[in-house]
Structures are given as structure tokens and as C-alpha cells.
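All remarks here apply to the structure that follows.
The values are calculated or read from the model by the stated rules, or taken from the named source; none is laboratory data. Since the model is a prediction, treat every value here as computed from it, not as a measurement. Positions of Cβ are backbone-derived with ideal geometry, glycine not excepted, and every protein chain shown enters the neighbour counts. Note: accessible area is taken over every heavy atom of the protein model, side chains too, but ligands, DNA and RNA are not part of it. Shrake-Rupley method; radii C 1.70, N 1.55, O 1.52, S 1.80 Å.
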Amino acid sequence: MIFTDTAKPLVMAGPCSAESERQVLDTARRLSAMGIGIFRAGVWKPRTKPGGFEGVGSQALPWLTRVREETGMLTATEVATRTHVREALAAGVDVLWIGARTSANPFAVQEIADTLAACPDGVREKLTVLVKNPVNPDLELWIGAMERIRLAGPGEIGAIHRGFSSYGAQLYRNPPKWRIPIELMRRMPGLPVICDPSHIGGRRDLIAPISQQAMDLNFRGLIIESHCDPDAALSDAAQQVTPEALKEILSSLVIRDASKPTDDLARLRGRIDEIDTKILELLAARMGISREIGAYKKQRDIAVIQPGRYNSLMQQRVEAAARLGLNEDFVRNILASVHEESVRQQL
Ligand code: PEP
Ligand code: MN
């Protein structure tokens, strides 16, 4: 069990892949020396294309056992099949995670859940299972994967936010789309959600800023890839950092306390609540008028949508919004969804 201490952010670290016994132990000793308590390493690696390094497989499991025995760290690895689960549990791995390509596939998740459900009570009850978000930005699929695993009865479950695949070059390897994990936290209160800045950023220099953002958004912890010799890593070299660089990153983070709101904050939140109430009342009034317009158009056989009217309305509102210092995309999104609902009301 890893989510017992709620005071400090939880940190898991270790290489993308277990490559050799020397690499695993060197990295683990250095991480352990700086106080990291959970060691991650991929034993079986899902690679996007064939020919990439697919992990050394089960021969790495005894290396994780040595990490636990020598350093006292808990160990964590990715599982994608029934065989992975059985072998990892037989080797005494403490934390299993389901990767982003696997959590997108309900058949694979169910196979893992069934294998967990069939393992002895004593083993299952001590186990932590973490579910990464699916590669595609589908919150229901992510929640569904967690429900399947929860029903299998492991000791505890948690979620890992690792960003979402997208097409074309951009700043992030997997853009974070923060509103999805935030909505997950709202939908599943109490579920520990940790952030994986390594796979979101894909670059060493992005790990610190993404980690800070995650801390500001009240994530429960971080899982960060760390390698004894990052440039020589067989997978994800560009995003791995040495244990010493990781220490610097972690000590640079500002952990703000979400649990002690002040009076000033309460007053400001009160004003936000009032404004939100007004926004809702105005939207309700606007929809009332839409329904009247709908009845009017119906009586006179006028089509519900007049594209010219929609375009000029959008243009005027976006210009007005710019004068108020509002972001254009933000206003366009809101107006598009207000208009969509308005059309629905008229129909
Ligand atoms: C990993 O953690 O090394 C990994 C393969 O991650 P993801 O499933 O998020 O791509
Ligand atoms: Mn990786």
C-alpha cells in the first residue's frame, strides 16, 4: 500500500525500462539514497513500432527483488497481460500499473482484472494497482478501466495522468489536457491521482514545470523516469533524468497547502459562487427566450438556423469579449455551446 501518508506528495521514480541488473541497482541505490521509497521500472515495454526495445522481460524480475531486499524500496512495474500479472506477483512486485495503450482496451483490462481476482487473498489485499489514462482523451474509458480493476479487489487503486496522444509536432509529447484529470478527481473523490510529467513532456526540461503544475492542481504525487545514465537509455532517453537531477527538480517544487483556505480565500470564493449563480440565471433566461423564438419560427415556417445570423453574432461577441480582455478561443467555445443548446431548445 502506498497511499497511506497523505501529508507529503508521493514520489515514484526509476528507469523507463529495466535494462540490466547493473543499471537497475545503480539507479535504485542512488534514488534510495535521496529518500525515494518506490522504484519503477518497465520489464515488458509496449512500443509503438516493432523493432524498438521491448524490455528484457521476466529475467528482470529478480533484479527488482534485489532492489527491494537491498534498499527496502517498494517496486513497481507495468503489466499488460495475464502472464505479466502472474509473473510480477510471483516475484513479489508491490505495485502494478496498467499502461496507456492497455487501459484503452477493455478486453485487456478485464483479463488483468480476472487474473487479479483469482490470486490469493493475502497477495491481492496488499497490492496497489495504478491505472494510466488511455492514450485517447476518453474519461469514461479511464474510469471504466478503474472500475474493472476495483471490482477485482486489490488493496488499493490509483490513477496516473500521463497526457494524451495527439497528431503533429507540439510542445508536449502527450498534451496534458488538465481538465480531464481534474474532472476525474471531481467524479471519483478520494481516488489518489498522480502525475507522470516524463511522458507528458517527453523532455527533461519540461519535468519541473509540469510537476509544479500538478502540485498546484493538488495531485497526490508524481511518477518520474530516472536513469543512472539517461543518454544511454534504451527507451525514452530524452525524458529521463539522473537521480541527482531528480533531486534538484523535487527540491524546486513549491507545495501549496490545499487544506487550509484563509478567510480572504473564502471571501473570494463567495464572490465566484455569486457570479456563477448569476451566469446560470442568465443562461436560463436566454434559453427561455430561445424557446419563444423557436415557437415563433415554427408558426411562421422559418428554419431554426440562419447561418448569417450565427456568424455575425459570433463575430460581434468575440470582438466585445476581446475589448473585455477575454481569450478569443475561450469565448468562441462558450458561445458555440450556448448556441448549440439554444438550437436544441428551439427544436
Ligand atoms: C512507461 O511508463 O514507461 C510507459 C510505457 O508509459 P505509458 O503507458 O504512459 O506510455
Ligand atoms: Mn517510458
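Worth pointing out:
- The stretch 288-323, residues that are under 40 Å from the mean Cα position of the chain (by Cα), open to solvent by 70 Å² or more (accessible area, probe 1.4 Å) and at pLDDT below 90: Ile305, Pro307, Asn311
- Given (1) farther than 25 Å from Lys247 by Cβ; (2) open to solvent by less than 50 Å² (accessible area, probe 1.4 Å); (3) more than 16 Å from ligand 1 (Cβ to nearest atom), number of the condition Gly51 does not satisfy: (2)
Residues are listed down the side, and each one gets a yes or a no for (1) at pLDDT below 95; (2) open to solvent by 50 Å² or more (accessible area, probe 1.4 Å); (3) within 27 Å of Asn218 (Cα to Cα); (4) outside any loop (DSSP other than H, G, I, E, B):
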| residue | (1), (2), (3), (4) |
| --- | --- |
| Val109 | no, no, no, yes |
| Gly153 | no, no, yes, no |
| Ala169 | yes, yes, no, no |
| Pro181 | no, no, yes, yes |
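- Counting the residues of the stretch 155-167 that are open to solvent by 30 Å² or more (accessible area, probe 1.4 Å) and within 16 Å of ligand 2 (Cβ to nearest atom) gives 1.
- Members of the stretch 62-91 found to be in contact with an Asp or Glu (Cβ under 6 Å, 6 or more places away or on another chain) and part of a helix (DSSP H, G or I), listed by number: Trp63, Arg82
- Looking only at residues in the stretch 192-208 that are open to solvent by 10 Å² or more (accessible area, probe 1.4 Å) and in contact with a helix residue (DSSP H, G or I) (Cβ under 8 Å, 6 or more places away or on another chain), the one that is nearest to ligand 1 (Cβ to nearest atom) is His199.
- Filter pass, Gln59 being at pLDDT 95 or above, part of a helix (DSSP H, G or I) and either surrounded by fewer than 20 Cβ atoms within 10 Å (Cβ to Cβ) or among the acidic types (Asp, Glu) (or both): yes
- Taking the criterion of being assigned to a loop (DSSP other than H, G, I, E, B) and either within 16 Å of ligand 2 (Cβ to nearest atom) or within 25 Å of the chain's Cα centre (by Cα) (or both), the residues of the stretch 15-25 that qualify are Pro15, Cys16, Ala18, Glu19.
- Verdict on Ile149 being in a strand (DSSP E or B) and of a type in the set (A, V, I, L, M): no
- Matching residues in the stretch 209-225 - criterion: being open to solvent by less than 40 Å² (accessible area, probe 1.4 Å) and more than 12 Å from ligand 1 (Cβ to nearest atom): Ile210, Ser211, Gln212, Ala214, Met215, Phe219, Gly221, Leu222
- Check on Ala159, touching a helix residue (DSSP H, G or I) at 6+ places or on another chain (Cβ under 7 Å), in a helix (DSSP H, G or I) and aliphatic (A, V, I, L, M): no
- Ser251 being free of Cβ contacts under 8 Å to residues at least 40 places away in the same chain and part of a helix (DSSP H, G or I): yes
- Single residue of the stretch 132-151 satisfying the filter (farther than 23 Å from Pro209 by Cα and β-branched (Val, Ile, Thr)) that is surrounded by the most Cβ atoms within 10 Å (Cβ to Cβ): Ile149
- Residue within the stretch 26-47 that is within 16 Å of ligand 2 (Cβ to nearest atom) and surrounded by fewer than 19 Cβ atoms within 10 Å (Cβ to Cβ) present: yes
- Yes/no for Ala18 being within 16 Å of ligand 1 (Cβ to nearest atom), without any contact (Cβ under 8 Å) to a residue 40 or more places away in the chain and not acidic (Asp, Glu): no
- Among the residues of the stretch 226-241, not a single one is open to solvent by 80 Å² or more (accessible area, probe 1.4 Å) and away from ligand 2 (no atom under 16 Å from the Cβ).
- Close pairs from the stretch 98-115: first among the charged types (D, E, K, R), partner not in a helix (DSSP H, G or I), Cβ under 7 Å, at least 6 apart: Arg101/Pro46; Arg101/Val135; Glu111/Thr81
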